[in-house]
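The block underneath contains the structure these notes are about, expressed in structure tokens.
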Amino acid sequence: MRALKRIIATLGVLLLSLPISYVANAETTKDTLKSAEEQLEQNQQTILQKQQEQLAVHEEVDSIRKNLQKLENEISQNQQSLTQVEDKIKEIKQTIQQKKEEIVLLQDKVYAREGIMEKRLVALQHSDHTTIVIETLVNSDSIGNFVERIGAVATLLNADKKILDEQEADLRQIEEDKKEIDQQEQLLISQQAELEGKRATLDENRLKRNDALIAMQDKYTNLATEINLAEQEKANVQSQIKSIQAEIQKEEAAAKARAAELAKAKEAEQARVERAKEEAKAAEQAKVEKAKEEAKIVPAVKSSPTQKNNTTSTITETTKKSEPSKSGKEMYVTATAYSHEDTKSDITYSGYNIKENPHMKLIAVDPGVIPLGSKVLVEGYGVAIAGDTGGAIIGHKIDVLMPSSAQARQWGRQTVKITILD
């Protein structure tokens, strides 16, 4: 390529020197024609050299095409892997949501069963099991009645034991489901990190592909430009040979004009090259910044420690474990939303004016599950006051306060984790 540029420069100098030689040797046209023929021969050699370079460029283009095909295969594989990871993340999110909903159902069953257990506990405080059994059997009217009462007492005692066993089993299941959610959330974090890594690799391969395409395009463009320039120079020399005898003076002026045009074109070309370099540098910088932004990993959500479920053998201990007012207790609830625009009264059950304070963090709760006045951390909402109740808020359900009905509708219905702070 350097030799080609040297030949073109020599050709340009010779062309520019033609008018001078014509002036110096104007007495004869024979020497001028000889000089032009020599110039034509040099131009022909230049074209032959260009054709040889064209063959070499074709080989380079074939190599670039092979690299492009390899990059395309890598991009396709990266895209498939990226899709698989995204599908895995969707499955993990669905598993977490399903586990949350299952916990809510179990919590409601535990909460409903606690009422029955509380009544049984009150009855046992007034009379123990032995006294109840003896009184029931002594008061029988006959042997048949005695046998029936024995069966009834056994049924009652078995029912109490079954309620206790179901209560303990549901509490254990809740803790196991919480552990499963924590594990799935950790898996989700690792899958998201893997996803970002694959995206970065995909972007890098795409960048390599674009660079290869640009290189191939530049090869074709430069080759076509150089060949066209050589052909044009050849045509110019041939035209000069035909008209050299009659237009020596005109050729001198044309040569001078051509030199000015070449200088101007060179300046324009240099300016274009500088602009292209600046644009390429800016585009490369933008790509690097974009890749850095996309490679950032979303901070992992800090998971709360799992509470241990120590099984007990008495109804009293089981009831204490499900006590809702304990500070720091975590549970999953079904959360809906409302605003002061949806209520008949602007004053909540605890006396808060939600019309005057539409942006305050407040939730409606079942006081049997979440004590009124408690501070509660609600996933996706923030720290709120349990300051209201509702006819439809029973069990493990809450209603979060929003500034407007539109924002409440946007919240919809969600299953979220809450923590009772105090």
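The values are calculated or read from the model by the stated rules, or taken from the named source; none is laboratory data. Nothing here was measured: the structure is a model prediction, and the numbers come from that model. A quick note on method: Cβ atoms are made from the backbone with ideal geometry, for glycine too, and the neighbour counts reach across all protein chains shown.
Could you tell me whether the range 222-229 includes any residue that is of a type in the set (Ser, Thr, Tyr) and modelled with pLDDT under 80? No, the range 222-229 contains no residue that is of a type in the set (Ser, Thr, Tyr) and modelled with pLDDT under 80.
Any residue in the range 261-278 that's assigned by TED's automatic domain parsing to the domain that holds THR221 and surrounded by 10 or more Cβ atoms within 10 Å (Cβ to Cβ): show its pairings with residues that are assigned to a helix (DSSP H, G or I) and of a type outside the set (Val, Ile, Thr) at Cβ separation under 8 Å, as long as the two are six or more apart or on different chains. From residues that are assigned by TED's automatic domain parsing to the domain that holds THR221 and surrounded by 10 or more Cβ atoms within 10 Å (Cβ to Cβ), the pairs are LEU262/GLY12.
Only one entry in ASP182, ASP211 is acidic (Asp, Glu) and either crowded, with 17+ Cβ neighbours inside 10 Å or more than 30 Å from LYS66 (Cα to Cα) (or both), namely ASP182. You will find that of ILE150, ILE116, the residue that is assigned by TED's automatic domain parsing to the domain that holds ARG65, assigned to a helix (DSSP H, G or I) and either at pLDDT 85 or above or within 30 Å of GLY395 (Cβ to Cβ) (or both) is ILE116 and no other.
Can you find a residue that is surrounded by 11 or more Cβ atoms within 10 Å (Cβ to Cβ) and either touching a strand residue (DSSP E or B) at 6+ places or on another chain (Cβ under 6 Å) or modelled with pLDDT under 75 (or both) anywhere in the range 80-93? No, that holds for no residue.
Each residue in the range 351-382 was checked for being surrounded by fewer than 19 Cβ atoms within 10 Å (Cβ to Cβ), farther than 17 Å from GLN414 by Cα and of a type outside the set (D, E, K, R), and 12 of them qualify. Would you mind stating whether GLY395 is in a loop (DSSP other than H, G, I, E, B), out of contact with any strand residue (DSSP E or B) (no Cβ under 7 Å at 6 or more places or on another chain) and surrounded by 16 or more Cβ atoms within 10 Å (Cβ to Cβ)? Answer is yes for this residue.
Considering the range 56-79, and only residues there that are over 29 Å from the mean Cα position of the chain (by Cα) and free of Cβ contacts under 8 Å to residues at least 24 places away in the same chain, the residue that is farthest from GLU204 (Cα to Cα) turns out to be ALA56. Before we move on, is THR348 farther than 16 Å from ALA386 by Cβ and either exposed (fewer than 15 other Cβ atoms within 10 Å of the Cβ) or in the same structural domain as THR389 (by TED's automatic domain parsing) (or both)? When the stated conditions are applied, THR348 does not pass them.
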